[in-house]
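*Asks:* Got a structure here, written out as structure tokens. Questions coming.
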Amino acid sequence: MVRKRSAPRQAAEAFVEAHHSTPTDEVFGIADLASEFGVTHRAIRLYEAKGLLSPRRVAGQRLYTRRDRARLTLILRAKALGSTLDEIKAYLDLYGDHGEGRRQQLEFVIQRTEAAMAALEEKKQNIEASLAELRLIHATCVGQLEERRRRG
């Protein structure tokens, strides 16, 4: 039996695969990245100012490489996990010029994802408890209303 992968799992696998592709000379403008990732130009410029992105400048125009695009993806994913820009910079800086810090990056990601998963599991338990309470309240109210209708 072939097990079908969930859409979030497929998206995560596509994300990982995109970072294993071979580098190209493809470049992107700030508008391209802003549109693709649903962020503002100002946010991208902030990431540049913080040293997270380093586009080339040609005739005053920012040109972002596939590396910058991949870094922007990582920045946004790390922000979604609750990382600060300083933490994200530290993570990206671990990589080094030639990938020599990849082990440290992996350790960092393992720690962050374990913490994020634990926090989400706790939230999930709280949501499930709240849903159970709401279902009980709802069922009680429905029962009471039906009883009142029967009595007239």
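The values are calculated or read from the model by the stated rules, or taken from the named source; none is laboratory data. Just so it is clear, the model here is predicted, and its values are computed rather than measured. Backbone-built Cβ (ideal geometry, glycine too); neighbour counts: all protein chains shown.
*Asks:* Scan segment 54-61 and tell me whether some residue there is out of contact with any Gly (no Cβ under 8 Å at 6 or more places or on another chain), of a type in the set (Ser, Thr, Tyr), surrounded by fewer than 16 Cβ atoms within 10 Å (Cβ to Cβ) and within 30 Å of Asp25 (Cβ to Cβ).
*Replies:* Within segment 54-61 (the criterion being out of contact with any Gly (no Cβ under 8 Å at 6 or more places or on another chain), of a type in the set (Ser, Thr, Tyr), surrounded by fewer than 16 Cβ atoms within 10 Å (Cβ to Cβ) and within 30 Å of Asp25 (Cβ to Cβ)), the answer is yes, since at least one residue qualifies.
*Asks:* Could you grab me the full set of residues in segment 97-131 that are exposed (fewer than 12 other Cβ atoms within 10 Å of the Cβ) and outside any helix (DSSP H, G or I)?
*Replies:* Of everything in segment 97-131, those that are exposed (fewer than 12 other Cβ atoms within 10 Å of the Cβ) and outside any helix (DSSP H, G or I) turn out to be Asp97, His98, Gly99, Glu100.
*Asks:* Take Thr40 and tell me if it is at pLDDT 95 or above and either surrounded by 18 or more Cβ atoms within 10 Å (Cβ to Cβ) or under 19 Å from the mean Cα position of the chain (by Cα) (or both).
*Replies:* yes
*Asks:* Further, regarding this structure: Take Arg71 and tell me if it is surrounded by 11 or more Cβ atoms within 10 Å (Cβ to Cβ), at pLDDT 90 or above, out of contact with any Asp or Glu (no Cβ under 7 Å at 6 or more places or on another chain) and not β-branched (Val, Ile, Thr).
*Replies:* Yes.
*Asks:* Still on this structure, I have one more. Can we say Leu46 is at pLDDT below 95 and either within 15 Å of the chain's Cα centre (by Cα) or in a helix (DSSP H, G or I) (or both)? I'd like the intermediate steps shown before the answer.
*Replies:* Values: at pLDDT below 95: no; either within 15 Å of the chain's Cα centre (by Cα) or in a helix (DSSP H, G or I) (or both): yes.
Taking the combined requirement at face value, the residue does not satisfy it.
*Asks:* Could you look through segment 74-96, keep only residues that are assigned to a loop (DSSP other than H, G, I, E, B) and free of Cβ contacts under 8 Å to residues at least 24 places away in the same chain, and pick out the one that is surrounded by the most Cβ atoms within 10 Å (Cβ to Cβ)?
*Replies:* Checking each candidate, the answer is Tyr95.
Residue-wise test of (1) among the hydroxyl-bearing types (Ser, Thr, Tyr); (2) under 19 Å from the mean Cα position of the chain (by Cα).
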{"position": "Ala78", "(1), (2)": "no, yes"}
{"position": "Thr84", "(1), (2)": "yes, yes"}
{"position": "Val109", "(1), (2)": "no, yes"}
{"position": "Arg112", "(1), (2)": "no, yes"}
{"position": "Ala116", "(1), (2)": "no, yes"}
{"position": "Leu120", "(1), (2)": "no, yes"}
{"position": "Asn126", "(1), (2)": "no, no"}
{"position": "Ala129", "(1), (2)": "no, no"}
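*Asks:* Examine segment 55-63 for a residue that is in contact with an Asp or Glu (Cβ under 7 Å, 6 or more places away or on another chain), part of a loop (DSSP other than H, G, I, E, B) and not basic (Lys, Arg), and state whether such a residue exists.
*Replies:* The answer is yes, given that some residue of segment 55-63 is in contact with an Asp or Glu (Cβ under 7 Å, 6 or more places away or on another chain), part of a loop (DSSP other than H, G, I, E, B) and not basic (Lys, Arg).
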